[in-house]
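Input: a single structure, listed below in structure tokens.
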Amino acid sequence: ILIIASGTGEFEAGISKDGQTREHALLAFTLGVRQLIVACNKMDTVDWSKDRFNEIVKETSNFIKKVGFNPKAVPFVPISGFHGDNMVEPSKNIPWYTGWEKEVEGKKVTGKTLLEAIDAVVPPKRPVDAPLRLPLQDVYKIGGIGTVPVGRVETGTIKAGQVITFAPAGVTTEVKSVEMHHQVLPQGEPGDNVGFNVKNVSVKEIRRGNVCGDAKNDPPKGAESFNAQVIVMNHPGQIGAGYAPVLDCHTAHIACKFSELLEKIDRRTGKVTESSPKFLKSNDAGIVKMIPSKPM
């Protein structure tokens with residue numbers, strides 16, 4: 001949900017070149033989000049003006065289209081969070097508002113409130129058949145139970161009795177039990193934040209940023225280098241080979257060196273525009289060979 005401040009000057013600041021609204025939309029699209037709701041908040045501060053709402057819809061549609069979203073598939077909902085208006089029940093302050101509409105798989109879906117727009121989101125398919133990948137968020141030592149790693153299942157499933165491997169730690173063990181919100185689960189699936197008890201592993205052997213996988217089904221392995229698609233959002237200068245920022249990848253946090261710029265690509269289509277570029281600058285996208293300071 002992209003929240004827009006409808007107040008005079010606030011909306012304009014948000015979608016300006018370095019504005020947060022623009023940055024959030026670009027980040028969401030870059031991270032693979034394809035379903036968007038635009039909530040025009042603080043409509044009470046502009047007296048629920050129809051003209052102001054239409055202006056925001058027009059401007060925002062133009063810029064989210066440039067980012068890559070299809071505005072026809074995006075509901076625009078006028079709300080006031082402060083007054084709880086048009087969030088759950090239709091508002092009486094907007095007699096001119098006929099409701100939002102969006103296209104879903106060729107069909108038209110309509111509604112009035114923010115809650116209805118949320119209900120119209122199509123749930124993603126959960127990749128239960130893929131090999132298990134579970135990045136660790138934390139590892140706890142719990143008295144009387146033992147070592148309990150915690151994290152969200154990204155792909156595959158995890159259950160008691162399964163033999164698992166942690167990478168890049170190189171630790172293999174068996175799952176004793178799986179819990180979510182203090183209740184035992186028959187199995188953890190993609191999207192579940194689980195805690196699981198493991199046999200004969202000390203808290204010192206595994207850590208946040210390790211990835212857990214099934215030892216018998218394509219287990220994860222530490223990578224000494226990898227190729228990444230990189231989008232430069234905002235950078236004061238040019239980025240060339242040798243640049244070494246800190247990378248956050250799932251729950252890992254590690255220094256990574258840009259060892260080689262392989263290609264420059266079109267940010268929206270992914271088509272190659274230049275091979276072996278010398279540098280990347282703000283708003284560029286490219287494929288880069290990266291070397292982490294230690295395998296990840």
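So which residues in the stretch 29-57 are of a type in the set (A, V, I, L, M, F, W, C) and over 23 Å from residue 268 (Cα atoms)?
Of the residues in the stretch 29-57, the ones of a type in the set (A, V, I, L, M, F, W, C) are 29, 31, 33, 36-40, 43, 46, 48, 53, 56-57.
Matches in the stretch 29-57: 39, 40, 43, 46, 48, 53, 56.
Taking residue 131 as meeting all but one of (1) at pLDDT 95 or above; (2) within 20 Å of the chain's Cα centre (by Cα); (3) assigned to a loop (DSSP other than H, G, I, E, B), write down the number of the exception.
Tallying (1) at pLDDT 95 or above; (2) within 20 Å of the chain's Cα centre (by Cα); (3) assigned to a loop (DSSP other than H, G, I, E, B), residue 131 fails exactly one: (2).
Residue 171 passes all but one of (1) surrounded by fewer than 18 Cβ atoms within 10 Å (Cβ to Cβ); (2) over 20 Å from residue 250 (Cβ atoms); (3) of a type outside the set (Phe, Trp, Tyr); which number fails?
Of the numbered conditions (1) surrounded by fewer than 18 Cβ atoms within 10 Å (Cβ to Cβ); (2) over 20 Å from residue 250 (Cβ atoms); (3) of a type outside the set (Phe, Trp, Tyr), the odd one out for residue 171 is (2).
Filter the strands (runs of 3 or more DSSP E) completely within the stretch 250-296 down to those with at least 2 residues that are surrounded by 19 or more Cβ atoms within 10 Å (Cβ to Cβ) and touching a residue at least 40 places away in the same chain (Cβ under 8 Å).
Those strands (runs of 3 or more DSSP E) span 285-292.
Is it true that residue 116 is more than 19 Å from residue 189 (Cβ to Cβ) and exposed (fewer than 15 other Cβ atoms within 10 Å of the Cβ)?
Working: more than 19 Å from residue 189 (Cβ to Cβ): yes; exposed (fewer than 15 other Cβ atoms within 10 Å of the Cβ): no.
Spelling it out, it is not the case that residue 116 is more than 19 Å from residue 189 (Cβ to Cβ) and exposed (fewer than 15 other Cβ atoms within 10 Å of the Cβ).
I'm told residue 204 meets every condition in (1) assigned by TED's automatic domain parsing to the domain that holds residue 148; (2) in a loop (DSSP other than H, G, I, E, B); (3) touching a residue at least 12 places away in the same chain (Cβ under 8 Å) except one. Can you identify the failing condition by its number?
Going through the list (1) assigned by TED's automatic domain parsing to the domain that holds residue 148; (2) in a loop (DSSP other than H, G, I, E, B); (3) touching a residue at least 12 places away in the same chain (Cβ under 8 Å), residue 204 breaks only (3).
Only one of (1) of a type in the set (D, E, K, R); (2) surrounded by fewer than 14 Cβ atoms within 10 Å (Cβ to Cβ); (3) touching a helix residue (DSSP H, G or I) at 6+ places or on another chain (Cβ under 9 Å); (4) outside any strand (DSSP E or B) is not met by residue 59, so which one is it?
It is condition (2) that residue 59 fails.
The values are calculated or read from the model by the stated rules, or taken from the named source; none is laboratory data. In this text, all values refer to a predicted model and were calculated from it rather than measured experimentally. Counting neighbours? That spans all protein chains shown, and the Cβs are built from the backbone with ideal geometry, glycine included.
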